[in-house]
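Everything on this sheet refers to the single structure shown next.
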Amino acid sequence: MALLKEAPDLEILAGLKLAVMREREALGEVLGFLAELDLRRLHEPEGFSSLFEYCTQELGYAEGAAYKRITVARLTQSYPEILAAISRGRVSLGTLSALAPHINKENCASLLCRATGKSVREVERLAAELAPKPDTKD
């Protein structure tokens, strides 16, 4: 870290962008491993009754982080194009978690396009459009 204090501004900016790119690629890789671990139920021989338990207790993820990763990893089992989208930074873990209940074979590609570059709140509004709730009586 001390070396960064001496680095030129442009080097800091370029280094940060590279680190973010690597972080996104690593997230895609983690999700791929989690999807395969889930399919093969590899957590069970390790003594964990669920993938959630494995992620929180063995991998040390917070509950919310584990839930999002498992949700998206399971989505990638049916829709592998999601891994590419997340690895390239087109969509985030949060946006995919919000869209997960609404993604199907017919709309996956279009939802990925519609969610690209959107904030979680914008995607939550999109998800609400996809499954509107009926009006309630006063």
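The values are calculated or read from the model by the stated rules, or taken from the named source; none is laboratory data. These numbers were taken from a predicted model, which means no experiment stands behind them. Ideal geometry is used to build each Cβ from the backbone, glycine not excepted, and the neighbour counts take in all protein chains shown. Keep in mind that these areas ignore ligands, DNA and RNA; they rest on the heavy atoms of the full protein, side chains included. Shrake-Rupley method; radii C 1.70, N 1.55, O 1.52, S 1.80 Å.
The single residue among Glu63, Glu29 that is within 12 Å of the chain's Cα centre (by Cα), open to solvent by 50 Å² or more (accessible area, probe 1.4 Å) and at pLDDT 95 or above turns out to be Glu29.
Taken over region 1-32, residues that are more than 18 Å from Ala84 (Cα to Cα) and of a type outside the set (D, E, K, R) amount to 12. The criterion of at least 1 residues that are touching a residue at least 40 places away in the same chain (Cβ under 8 Å) is met by the following helices (runs of 4 or more DSSP H) wholly inside region 3-116: 9-40, 63-78, 81-87, 93-99. Among the conditions (1) buried (at least 19 other Cβ atoms within 10 Å of the Cβ); (2) modelled with pLDDT under 95; (3) among the charged types (D, E, K, R), the only one that Arg88 does not satisfy is (1).
Only residues that are within 23 Å of Ala100 (Cα to Cα), out of contact with any Leu (no Cβ under 6 Å at 6 or more places or on another chain) and open to solvent by less than 90 Å² (accessible area, probe 1.4 Å) were counted across region 33-58, and they come to 11.
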